[in-house]
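K.L.:
I'd like to ask you about the structure that follows.
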Amino acid sequence: MSARHRWFLIGACLLLFLASAGLVIHFLPRPLSRGDYLVAGSIATLLTLLALFIYFLVAGFITGRFGRKR
């Protein structure tokens, strides 16, 4: 993985995290408590890690690192 590709992946994950956390906070009913921010961060983390896992899984199948017989 090249350095440019790595920085692009980091930036995409950061933008996904910020967007999903912002959307969750936007749709939570007001007034927000400390627990609401914890829920928003947890959901954003889950979505970002899920997207990263799917990315690496698909990249592994495309490059042939997964699914081959040993």
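The values are calculated or read from the model by the stated rules, or taken from the named source; none is laboratory data. Predicted, not measured: the structure shown is a model, and the values here were computed from it. Glycine also receives a Cβ, built like all others from the backbone with ideal geometry; neighbour counts cover every protein chain displayed.
K.L.:
For segment 1-17, which residues satisfy the criterion of being more than 11 Å from Ile43 (Cβ to Cβ) and in contact (Cβ under 8 Å) with a residue 24 or more places away in the chain? Walk me through it before giving the result.
P.N.:
Step one: filter segment 1-17 for residues more than 11 Å from Ile43 (Cβ to Cβ), giving 1-16.
Those that are more than 11 Å from Ile43 (Cβ to Cβ) and in contact (Cβ under 8 Å) with a residue 24 or more places away in the chain: Leu9, Cys13, Leu16.
K.L.:
Then there's this: Restricting the search to segment 29-66, which residues are in a helix (DSSP H, G or I) and of a type outside the set (A, V, I, L, M, F, W, C)? Talk me through it step by step, then tell me what you get.
P.N.:
Taking segment 29-66 first, the residues in a helix (DSSP H, G or I) are 34-63.
Arg34, Gly35, Asp36, Tyr37, Gly41, Ser42, Thr45, Thr48, Tyr55, Gly60, Thr63, listed by residue number.
K.L.:
I've got another one for you. Name the single residue that is modelled with the lowest pLDDT among those in segment 21-70 being of a type in the set (Ser, Thr, Tyr) and closer than 16 Å to Met1 by Cβ. If you could, list the steps in order and put the result at the bottom.
P.N.:
Of segment 21-70, the ones of a type in the set (Ser, Thr, Tyr) are 33, 37, 42, 45, 48, 55, 63.
Filter once more, keeping what is closer than 16 Å to Met1 by Cβ: 55, 63.
Values: Tyr55: 92, Thr63: 83.
Among those residues, the one meeting the criterion is Thr63.
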